[in-house]
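S.K.: The structure is given below, and queries will be raised subsequently.
Here, each number is a calculation from the coordinates, and none is a lab measurement. Computed from a predicted model, the values in this text were never measured in an experiment. All Cβ positions, glycine included, derive from the backbone under ideal geometry; neighbour counts span all protein chains shown.
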Amino acid sequence: WPLIIDDWQVRLLASDKLEYRGLLVEECTAADCWVQEAWAFVKNIKNVDIFLFQDVPSTSPLARLLGAEEQRCWKSETGSAAIRLGGFSSWNDYAVTLPKKLLSDQRRQWRRIAANGAPVQFNILDSTDEIEKNIDWIFHHKMAWLAEKGLKPVSFGSAEHRAFVRDTVMTARSSDGALLMGNLSVGDVTVAAGFGFLYRGAFTFYMFTYDLAWQTYSPARLW
């Protein structure tokens with residue numbers, strides 16, 4: 001459980017990007033006990049006022065621990081949405097539960113993007129060449145988006161970060177069904193792309209972006 005003591009606070013060692021954080025612990029009957037022992041150690045660190053936990057997966061042993069602790073001193077910010085499909089027989093059954101305004105706008109954007117005259121396709125990518133090209137495409141357009149927003153990345157997009165993401169993706173690809181990567185294309189042009197990981201029945205959406213030239217079509221949402 002790599003931690004940093006940062007003046008008067010303790011936080012999890014991470015790149016400070018959008019990524020899940022927590023302990024590396026095997027999911028077994030002893031997991032909660034091990035996490036409790038680790039937490040007891042952290043609480044005994046001297047001269048620390050704040051423990052900062054960011055992007056903790058809601059199903060993790062750490063989340064279970066934090067949920068069981070006395071919460072009078074916790075400040076909890078909003079989390080990311082989790083979609084649970086187990087109660088639906090199909091994706092369409094889930095989709096009809098979404099706001100009608102959202103569905104109407106989604107259909108409108110599909111009509112708009114299809115009006116460009118070229119076939120619109122969602123593609124699942126599985127070859128090594130396709131995956132590597134897609135990773136490069138995502139980083140290129142993610143950096144363009146950051147520049148357009150006036151944001152300056154510290155480590156995102158560095159050679160080391162790209163190598164880490166590429167290695168992680170290729171490791172997941174070698175595990176049957178663990179990687180899900182795809183893009184949205186209009187003819188031969190990629191307009192949005194993203195990927196995530198499947199693990200124990202859950203899909204974690206890791207990274208996505210779009211080509212700024214197509215941003216009025218809500219391409220990432222269509223993806």
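S.K.: Using a basic spin-label model with each label point 7 Å from the Cα along Cα→Cβ, how many nm lie between residue 1 and residue 20?
M.R.: That separation, rounded to one decimal, is 1.8 nm.
S.K.: Using a Förster distance of 30 Å, how high is the FRET efficiency between residue 48 and residue 205, based on the Cβ-Cβ distance and rounded to 0.05?
M.R.: 0.35
S.K.: Here is a further query. Report the residues of segment 184-223 in range of a label on residue 140: point 7 Å along Cα→C-beta, backbone N strictly under 16 Å from it.
M.R.: 184-186, 188-194, 209-214
S.K.: Most mobile of 12, 85, 66 per a Gaussian network model of the chain (Cα springs, under 10 Å)?
M.R.: 85
S.K.: Between 61, 153, 99, find the one with the highest GNM mean-square fluctuation for the chain; connect C-alpha pairs within less than 10 Å.
M.R.: Among 61, 153, 99, the largest GNM mean-square fluctuation belongs to 99.
S.K.: What dipole magnitude, in Debye to the nearest 20, does the chain give about its Cα centre under +1 on Lys/Arg Cβ and -1 on Asp/Glu Cβ?
M.R.: Dipole magnitude for the chain comes out near 920 debye.
S.K.: I've got another one for you. Chymotrypsin sites (Phe, Trp or Tyr not before Pro) within segment 1-39: which are DSSP loop residues with at most 16 other Cβ atoms inside 10 Å?
M.R.: 8, 20
S.K.: Give me the distance in nm between label points sitting 7 Å out from Cα along the Cα-to-Cβ direction at residue 64 and residue 123, one decimal.
M.R.: 4.2 nm
S.K.: Moving on to the next point. Roughly what % antiparallel, to the nearest 5, for the DSSP beta bridges in the chain?
M.R.: 90 percent
S.K.: Calculate the spin-label point distance for residue 107 paired with residue 166, positioning each point 7 Å from the Cα along the beta-carbon direction, and give it in nanometres.
M.R.: 4.4 nm
S.K.: Not counting the cut sites, what is the longest span of the chain without trypsin sites (Lys or Arg not before Pro) that DSSP labels loop and that have at most 14 other Cβ atoms within 10 Å?
M.R.: By the stated rule (loop sites, at most 14 other Cβ atoms within 10 Å), 85-148.
S.K.: Computed over the Cα atoms of segment 124-163, what is the ratio Rg over Rh, Rh following Kirkwood?
M.R.: My calculation puts Rg/Rh at 1.05.
S.K.: Additional query: Translational diffusion coefficient of segment 146-223 at 20 °C, 1.002 mPa s, Stokes-Einstein with Kirkwood Rh over Cα pairs, in µm²/s as a whole number.
M.R.: Translational D for this selection: 151 µm²/s.
S.K.: What do you get for Rg/Rh of the chain when both radii come from the Cα atoms and Rh is the Kirkwood radius?
M.R.: That ratio equals 1.00.
S.K.: When the helices in the chain are scored as -39500 (n - 2.57) per DSSP H run of 4 or longer and the sum is shared across all residues, what 222 nm value do you end up with, to the nearest 500 deg cm²/dmol?
M.R.: Rounded to the nearest 500, it is -11500 deg cm²/dmol.
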